[in-house]
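The values are calculated or read from the model by the stated rules, or taken from the named source; none is laboratory data. Every value quoted in this text rests on a predicted model; they were computed, and no experiment measured them. With ideal geometry, Cβ positions are generated from the backbone for all residues, glycine too; neighbour counts draw on all protein chains shown. Areas reflect the complete protein model, heavy atoms only, side chains present, ligands, DNA and RNA absent. Shrake-Rupley method; radii C 1.70, N 1.55, O 1.52, S 1.80 Å.
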Amino acid sequence: MDSVVVAEKITKTYRVGVGRARVREMTPPPFDSALSKVFPKWWWKGTFNALEDVSMEIAGGSCVGIVGHNGAGKTTLLKVLAEVTAPTSGKAIVRGRVAALVDALVGFHPELTGRENAFLLGSMHGFGRKEMASRIDDIFEFAEIEEMADTPVKRYSSGMSARLGFSIVTALELEILLVDEILAVGDANFQRKCIEWLEGYRKSGGTLLFVSHNLGLVRSMTERLVWLDHGRVVEEGPTDKVLPIYAQAMERRDGGHRVYNRKATKKAMESRGMHRWGSGGARVEEAHVNQTRPDGSALEVTIDYESDDVANGVFCVGFIDESGREIGAAISQPIPLDVGKGAIRCAIDNMPFRPGIYFPVVAIVSPEGEVRDRWRLDRAIVIERNGHQSVDGFGAIELPSAWSSSESTPRVMGRTS
Amino acid sequence: MYRKLWRHRDLVLSLVRRQYQLRYRQSMVGFAWAILPPLATLGAANIVFHQVAGVQAPEGTNYSIITMAALVPWSFFQNSLTSGVPSVVQASSMLTRIPFPRASLPLSMIGISMLDLSIAALLFVVLTYLIGDGLPLTALWFPILLGLEVLLVAGVTLLTSSLNLFARDVKLAVPIAMQLWLFLTPVMYPLESVSESLRPYYLLNPMTGLVESFRTVLISPGAAPELDLLLPTIIGAVSIFLLGSWYFAATENRFADVI
């Protein structure tokens, strides 16, 4: 299919600071470009590029994800593509009805009721009153807030306005939808409903551009990925290729905190985003994870440790998924530790994990269960689809199973063969 | 800009409706707010200008009538401007999320002021039959003059509402500017009471020609507007309209960035 979204060398420059009377902004074209040529130093002072030379294309009916850390320019890119703001240079071509769902507020007026807001938003997207009137019941039914339709939006909870915002967008028959992390709000049920709707929307030929920090969602929803960093495209390609590199880079960025504190509790440390904690006495010095099979389903982990005076240790190699959930671990028997430095090796022959990205954690625990050193490594392992069926929504563990055809027993499911 | 606006004419209507719905929500006297301001201004003008300062209406007319005839178009001008100037800034949550034609925001404020205008105009008609000599046939000029005023109001509002986005000084300056402008426009006194030497300067103000023309056509016996009064207004209104539209259209794609 042809490209429905084309970004050509888009650069978007913002000015930093509040500023007083903003002469530079209020100068209308063509005088602004004249001024910028006469006083270039003053003109470009205090500016930064939220986007720099960003080019991309999105084929009709595809789903493309945008990832990047905070401030990478993801939202700016969506706003430029939605024509909310104009690029400083470059061109955005969008063919079809487009809307951006930048956040949960979607531009509601707080004093208006949900119904009035729905009509207003509809007319902003070019829908007349009659067209909206025929959809309004569906909107509130989808949002599951029928009883709130005639209450001002200011009295809505944030979850309710997010529901309403998403529901209005579902009614607008858009050809291109730009979604920015909106699925982070609302309860699990509604999130699932949104994802189901988005999947249906894609099957019916809709194009989706999707920003999320939830790598699991990105992996299951998108087929291509654009990785932005400081306004530039770092990597662009199929999700299967780009996501692992991105995930590893993110881990490297965030990781590396070393904390030793006898009183440190797990909860306190994790809530502070620490990737390493423990009571000490024995420490992991270095850990290497080698994927010994190309699809990632076998691992060898070597742990170099150092022990002060601890005689025994239980070694753990665990895995966390993209959303931070602990999935499973290999746990040793108590092992006598050498005082001073030592090394231990762990081989996992068959990872029972389904395709995805996992982050290894290594730990030394006392036989009584006291965590001496627990370290979330700054790397990711990828288990590929090789030989696995890609089915979403069944968790991270693939159970060992044997399957046989039931054709010899025709009574199964009442089917006759 | 206007082509895009025409395609989104439903939006302008919705915005007017929104403003209408919002206006009297959680207020006590509600609809009476449409009649109270012009009546109060008329009362104050009667005391200050007519009784204290001794301003007299021309022979054969009533001071209240000539003042009301000017207050009706003046209030429209003032209401449009005071609500139109902050309208773009107030819509920041929509501005940064939805790519709708931005001009619909200030222009819808003119729409809502139009509703106030019709109520004030009704009040004027009632007054003319109560204490004046009724409406003359030349009152049919009213829509034409109103069209001219809308052009002027749209130009000023577009210009000031977009400037207000870049420099909030504009919003702060509006009340004082409106007050001065009111005193320098023959609203609470007739143009006849202005000395001959000052009149040419008075005519530089496009509102002068407008309110005087409204008086001419609305008050019995009624006459067609004088061209030498109206001409400066026509030139002023058209050029301000073009200037305002141009500036708004030239800068509107930056609104989301600077808000």
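Sort B:242-249, B:157-164 for me by packing, meaning the mean count of neighbouring Cβ atoms within 10 Å per residue, highest on top. Could you put the intermediate results ahead of the total?
Values: B:242-249: 18.2, B:157-164: 24.9.
Peptide ranking by packing, descending: B:157-164, B:242-249.
Enter the mean number of other protein chain beta carbons within 10 Å of the beta carbon of each residue in B:164-170, as an integer. Display every interim value, and only then the final one.
Details: counts 0, 3, 8, 7, 1, 2, 0.
If you average over the peptide's residues, the count of other-chain Cβ atoms is 3.
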* Structure fact -> Partner shielding of A:122-129, as the mean number of partner chain Cβ atoms within 10 Å, equals 6
* **Those lysines that a straight Cα-Cα span of less than 19 Å connects to residue A:74, excepting residues fewer than 8 apart in one chain** => A:9, A:12, A:91
* Specify the angular offset, from 0 to 90 degrees and rounded to the nearest 10, of the alpha carbon long axis of helix B:36-45 from the longest principal axis of the alpha carbons in chain B. => 40
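What size of dipole, in debye to the nearest 20, comes out for the protein assembly as shown about its Cα centre when the only charges are +1 on Lys and Arg C-beta atoms and -1 on Asp and Glu C-beta atoms? Don't jump to the answer; show the numbers that get you there.
Numbers: 66 positive and 68 negative charges, 135 e Å.
For the protein assembly as shown, the charge dipole is close to 640 debye.
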* To do: Using only alpha carbon positions, build the gyration tensor of chain B, then give the equivalent ellipsoid semi-axes as the square roots of 5 times its eigenvalues, largest first, whole angstrom.
  => 33, 20, 17
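Mind checking B:5-18 for the average number of partner chain beta-carbons within 10 Å of each residue's beta-carbon?
Working: counts 0, 0, 1, 4, 2, 11, 8, 1, 3, 11, 4, 0, 6, 8.
That average works out to 4.
Output the relative contact order of region A:262-383, whole-number percent, from Cα pairs under 8 angstrom with separation of 6+ residues. Show your work: numbers first, answer last.
Details: 287 pairs, mean separation 36.6, N = 122.
Relative contact order of region A:262-383: 30 percent.
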* Structure fact -> In whole µm²/s, the translational diffusion coefficient that Stokes-Einstein assigns to chain A, given a Kirkwood hydrodynamic radius over C-alpha pairs, 25 °C and 0.890 mPa s, equals 98
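Considering only protein heavy atoms and a probe of 1.4 Å, how much of the accessible area of the protein assembly as shown is carbon and sulfur, as a whole percent? The partial results should precede the final answer.
Numbers: 18700 of 32740 Å².
After summing per-atom areas, the C and S share lands at 57 percent.
Using only the Cα atoms of region A:262-383, build the gyration tensor, take square roots of its eigenvalues as a ≥ b ≥ c, and label the shape rounded, prolate or oblate: rounded if a/c is under 1.5, else prolate if a/b is larger than b/c, else oblate. Please report the intermediate quantities before stating the final value.
Numbers: a/c = 2.15, a/b = 1.32, b/c = 1.63.
Judged from the Cα gyration tensor, region A:262-383 comes out oblate (a/c at least 1.5, b/c at or above a/b).
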* Asked: Does anything in region A:204-226 have its amide N under 12 Å from the 7 Å Cα→Cβ label point of residue A:245, and if so which residues?
  -> A:225-226
* Asked: Which angle from 0 to 90°, rounded to the nearest 10, does the C-alpha axis of helix A:114-124 make with the longest principal axis of chain A?
  -> 70
* **Label point 7 Å beyond Cα of residue A:338 along Cβ direction - residues of region A:287-314 with amide nitrogen under 20 Å** => A:287-289, A:301-314
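Calculated from DSSP H runs of 4 or more alone, at -39500 (n - 2.57) each and per residue, what is the 222 nm mean residue ellipticity of chain A, nearest 500?
On the way: 12 runs with 108 residues, N = 417.
For chain A, the value works out to -7500 deg cm²/dmol.
Would region B:73-196 count as rounded, prolate or oblate if I go by the C-alpha gyration tensor, calling it rounded below 1.5 in a/c and otherwise prolate when a/b exceeds b/c, oblate otherwise?
Numbers: a/c = 2.74, a/b = 1.72, b/c = 1.59.
Prolate.
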* To do: List the aspartates and glutamates whose Cα lies under 19 Å from the Cα of residue B:4, skipping any in the same chain that are fewer than 8 positions away.
  => A:83, B:252
* **Under the Karplus curve 6.51 cos²θ - 1.76 cosθ + 1.60, θ = phi - 60°, whole-Hz ³J(HN,Hα) for region B:203-213, x wherever Gly or Pro sits** => 6, 5, 7, x, 5, 4, x, 5, 5, 5, 5
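Quote the relative contact order of region B:17-107 in percent (integer), defining contacts as alpha-carbon pairs under 8 Å separated by 6+ residues. Please report the intermediate quantities before stating the final value.
Numbers: 29 pairs, mean separation 17.9, N = 91.
In percent, rounded to a whole number, it is 20.
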* Asked: Which ³J(HN,Hα) values, rounded to whole Hz and listed in residue order, are derived for region A:27-32 from phi using the Karplus coefficients 6.51, -1.76 and 1.60 in 6.51 cos²θ - 1.76 cosθ + 1.60 with θ = phi - 60°, glycine and proline given as x?
  -> 6, x, x, x, 5, 5
* Spatially proximal lysines relative to residue A:341 (Cα-Cα < 26 Å; intrachain offsets below 8 disregarded) -> A:263, A:266
* Which angle from 0 to 90°, rounded to the nearest 10, does the C-alpha axis of helix B:169-183 make with the longest principal axis of chain B? -> 10
* Asked: Of the peptides B:229-235, A:320-326, how do they stack up when ordered by the mean number of other Cβ atoms within 10 Å, highest first?
  -> B:229-235, A:320-326
